[in-house]
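Q: Can you read through this structure? Questions will come right after.
Readers should treat all values here as calculations from the given coordinates under stated rules, not as data from a laboratory. Quick caveat: nothing in here was measured; it's all calculated off a predicted structure. Glycine also receives a Cβ, built like all others from the backbone with ideal geometry; neighbour counts cover every protein chain displayed.
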Amino acid sequence: MILSMTGCGDASCQEDGVSHSVEIRSLNNRYFKAVIRLPEHLQFLEPQVERLLRSRLGRGSVNYYLRLQQDSAEAAYKINTAVVEAYLAVLKDIVKENTSTTMDLATMLMLPGVCQPPELDEVSREKQWAILERLTSEAIDRLIEMRQAEGKTIREDMLRHCGAIRRHLTEIEKRAPLVVEDYRKKLQSRVNVLLAEANLELQEEALIREVAVFAERCDINEELSRLGSHLDQFVELCDADDY
């Protein structure tokens, strides 16, 4: 079976007031390469996600996205007051030197380390992985379905080209034996004209020897057989389980 290297798949669910959405896209690559984007507080799951993608997809450049929409109070980020106080201390020193310096609360919250995601205990970590594993598997299933559908189209197109090559090959096999006979007739005609002008007779052995040399040089039976074998092997590969 031929599988396309390109495809996409997604899956989503709602758990405990949190909307999870997984999207996977793959492109052609000889090897496996994954780019995984997870929310900050779930980045510890990246190795498990990478192993699951590798085991199911095998090859390709894979882009993985997890998006969360959280409405519960537990999802709120915590403000690290110690970090805020450190920033304020630095800002006070700056303001002393430049009184025009200002900073609003929104800008303060965007500074590194100010907002921290909620910490997850072991039970919550396992639950998050169970959700993510299920959604990732569903998204991979849909991606593989797309790969199979596109692979079927690619297979049909390539087999159509194989059929055209095989038809041309059959015509060549029919015409190949005629090449030598055609050469013999043309050679004999040219030689007869030259001998007639010189008032000489044709030695049949010399003509036969020349035609035999030409026949050996233009023999393409081996090439025709090899090409036919290659076409048969290609069709077998198209229908093989491995890809």
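Q: Compare the peptides 157-170, 126-139 by average per-residue count of other Cβ atoms within 10 angstrom and give them in order, highest first.
A: Numbers: 157-170: 12.5, 126-139: 16.6.
Highest-to-lowest ranking by the protection proxy: 126-139, 157-170.
Q: For a quick check: with amide H placed at 1.01 Å from N, whose amide H comes under 5 Å from G60's, ignoring anything fewer than 5 positions away on the same chain?
A: For G60, whose amide H was placed from the backbone, the distant partners under 5 Å are N29, Y31, F32, K33.
Q: For segment 160-171, what does the Karplus curve 6.51 cos²θ - 1.76 cosθ + 1.60, with θ = phi - 60°, yield as ³J(HN,Hα) per residue in whole Hz, taken in order and with x for Gly and Pro?
A: Once rounded to whole Hz, the list reads 5, 5, 4, x, 5, 4, 5, 5, 5, 4, 4, 5.
Q: Fully extended, how many nm does the chain gain between I165 and S229 (0.36 nm per residue separation, minus their Cα-Cα distance)?
A: Details: separation 64, 0.36 × 64 = 23.04 nm, distance 1.23 nm.
Computed gain between I165 and S229 is 21.8 nm.
Q: Using R₀ = 30 Å, calculate the FRET efficiency as 1/(1 + (r/R₀)^6) where r is the Cβ-Cβ separation of D141 and Q43; round to 0.05.
A: E between D141 and Q43, to the nearest 0.05, is 0.75.
Q: To the nearest 0.05, what FRET efficiency results for S55 and L237 with a Förster distance of 30 Å applied to their C-beta separation?
A: On the way: r = 24 Å, r/R0 = 0.78.
Plugging the Cβ-Cβ distance into 1/(1 + (r/R0)^6) gives 0.80.
Q: To make sure I understand, if each residue's beta carbon is the centre and we count other beta carbons within 10 Å, what order do L53, L227 fall in, fewest to most?
A: L227, L53
Q: By per-residue mean of other Cβ atoms within 10 Å, what is the highest-first order of 58-68, 39-49?
A: Top of the packing list down: 58-68, 39-49.
Q: Assuming 0.36 nm per residue, please report the length gained on full extension of the stretch E126 to F32 beyond their Cα-Cα distance.
A: 31.2 nm
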